[in-house]
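This report concerns only the one structure given below.
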Amino acid sequence: MLFRGPVLSSDNPPESVDLRSDTVTRPSAGMRAAMAAAEVGDDVYGDDPTVNRLQAQIAERFGFESALFFASGTQSNLAALMSHCGRGDEYLVGQEAHTYKYEGGGAAVLGSIQPQPLENEPDGSLSIQRIGNAIKPNDIHFARTRLLALENTIGGRVLQPPYLRQVTEFAHERRLSTHLDGARIFNAIVKLGIAESAAVAGFDSVSVCLSKGLGAPAGSVLLGSREFIEQARRWRKALGGGMRQAGVLAAAGLYALQHHVQQLAQDHANAEYLAQELRALGLEAETPQTNILYVDIPARLAGDLKSHLQQRGILATITPRTRLVTHRDAPREKIETALQAFRDYPHWNS
Ligand SMILES: Cc1ncc(COP(=O)(O)O)c(C=O)c1O
C-alpha cells in the first residue's frame, strides 16, 4: 500500500519507530557498501553488468526465461498490464489490489485497459466462480477480457499454492493470461518455506519488489518469457524509460536477495508479537500471516492516539482499521518501544 502520513523530517528522526510501511526501510551498511562497489554501465544499452546479473539471478530463481529491472513496482506492474493487454482489453483484478486501487488508475489512464474489479474473499483470493462470471463473451458490446491479475501477499495474507494452481489453470483454460503483483512475494515464500519457482507457478508474469521488506532503496523486477519481456522493455521506455547506471540500485537488490530474505521471518514474528500484546490491552488485533497487522482502534480515539504516538517517535497510520507493518528497521527493541507508547496511552477506557 502506498505511503500515507507525515513526511519524515527532523520531527521524525531515523531513530523513531516507523510502522507505516516496510517501504520505509533504509539500506543497511552492507547494502550501501555493495552499492558503492557496484560495477556499472549504461543499462539502456544493456551494458550494466550488475543489472544484468540481478535480472539473470531473479529469472533463474523464479524459473522464468527473462527479467527486466524497473524503477518501481508501479512502473513494472503497468508495463506488465500493457504487455498483456491492448486498447479495449480488460483485466480482472481484486477490489483491494494495488494495481487497481493504489496505482493512479494507470492501466485505464495510460494503457486504455478496462479494469474489471472483483470483490476479494476474506482470505484475499478471488473466487473462481466470480472470475468465470466476469469473463465477457466475444461480442462487440464488451471489452475483451484478456488477463487475470492477482497479488501475493495481499494485505499481508498469503495466497496458498493449491488455490493459485487452480485459479491459474482456470484462467488459462478460459484463454486469459495471468499476472502476479509479487511486491511481497518473498514474505509468502518465507512464510510457506517453499522455493521461489513454486510460489509463482502458473503465472505468465510476476513483478517482484526489492524496496519493501527486502530493504533496497528502489527497484522492482518483472519476470516473463523472453518475448513478453521484450514487449515490456518497449513499454518501460514509454513509461519514463530505463535507468542508466542502475547497477548501484541493482547491487542493493542482489545484496538483499543474499542477506535479507530469511530475515523476513523475524518481521513476521514481530507482527505476531505486536498483535498479542495489543490484544492484552483489550484491542481487537487480527492474527497476522506475515508482516502486516490490522487492529481496530475506536474511532473516537484515533486522532488523539496518533498524536500521542507521534510525540513519542512512533509513526503509524492510525484509523479505525489501523494497519501496522513490521520490517527490518523495526527490530524487537523498537517494537517494545512502540508497545510501551500504546500501553501509556491514557484514554483506552474513556
Ligand atoms: C502490493 C504492492 N504492489 C505494488 C506496489 C508499488 O511499488 P512501488 O511503491 O515501488 O511503486 C506496492 C507499494 O507499496 C505494493 O504494496
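The values are calculated or read from the model by the stated rules, or taken from the named source; none is laboratory data. These figures come from a predicted structure and were not determined experimentally. Reconstructed Cβ throughout: ideal geometry from the backbone, glycine too, with neighbour counts over all protein chains shown. What goes into the accessible areas is simple: the full protein's heavy atoms, side chains included, and nothing from ligands, DNA or RNA. Shrake-Rupley method; radii C 1.70, N 1.55, O 1.52, S 1.80 Å.
Before moving on, here are some points about what is shown:
- Only helices (runs of 4 or more DSSP H) whose full extent lies in the range 235-328 are considered here, and the ones with at least 2 residues that are within 30 Å of Ala107 (Cα to Cα) are 247-259.
- Failed criterion for Asn52 (all others in (1) part of a loop (DSSP other than H, G, I, E, B); (2) open to solvent by 30 Å² or more (accessible area, probe 1.4 Å) hold): (1)
- For Ile135, the criteria (1) out of contact with any Lys or Arg (no Cβ under 7 Å at 6 or more places or on another chain); (2) of a type in the set (A, V, I, L, M, F, W, C); (3) open to solvent by 20 Å² or more (accessible area, probe 1.4 Å) hold in every case but one, which is (1).
- Residue match in the range 275-288 (condition: of a type in the set (Val, Ile, Thr) and open to solvent by less than 10 Å² (accessible area, probe 1.4 Å)): no
- Of all residues making up the range 252-291, the number that are within 20 Å of the chain's Cα centre (by Cα) and among the hydrophobic types (A, V, I, L, M, F, W, C): 9
- Tally of residues being among the aliphatic types (A, V, I, L, M) and either open to solvent by less than 40 Å² (accessible area, probe 1.4 Å) or in contact with a Leu (Cβ under 6 Å, 6 or more places away or on another chain) (or both) across the range 55-73: 4
- Restricting attention to the range 212-229, the residues that are open to solvent by 20 Å² or more (accessible area, probe 1.4 Å) and either touching a residue at least 40 places away in the same chain (Cβ under 8 Å) or in contact with a Gly (Cβ under 8 Å, 6 or more places away or on another chain) (or both) add up to 6.
- Residues located in the range 99-126, provided they are open to solvent by 30 Å² or more (accessible area, probe 1.4 Å) and either within 25 Å of Thr287 (Cα to Cα) or in contact with a Lys or Arg (Cβ under 7 Å, 6 or more places away or on another chain) (or both): Lys101, Tyr102, Ser112, Glu119, Glu121, Pro122, Asp123
- Residues that are among the small types (Gly, Ala, Ser) and surrounded by 16 or more Cβ atoms within 10 Å (Cβ to Cβ) within the range 230-274 comprise Ala232, Gly242, Ala246, Gly247, Ala250, Ala251, Ala252, Gly253, Ala256, Ala271, listed in sequence order.
- Among the residues making up the range 74-95, those that are open to solvent by 10 Å² or more (accessible area, probe 1.4 Å) and either hydroxyl-bearing (Ser, Thr, Tyr) or within 15 Å of the ligand (Cβ to nearest atom) (or both) are Thr74, Gln75, Leu78, Ser83, Gln95.
- Helices (runs of 4 or more DSSP H) enclosed by the range 111-230 - at least 2 residues per element that are farther than 25 Å from Cys85 by Cα and within 16 Å of the ligand (Cβ to nearest atom): 185-192
- So Gln166, is it over 20 Å from His98 (Cβ atoms), open to solvent by 10 Å² or more (accessible area, probe 1.4 Å) and of a type in the set (S, T, N, Q): yes
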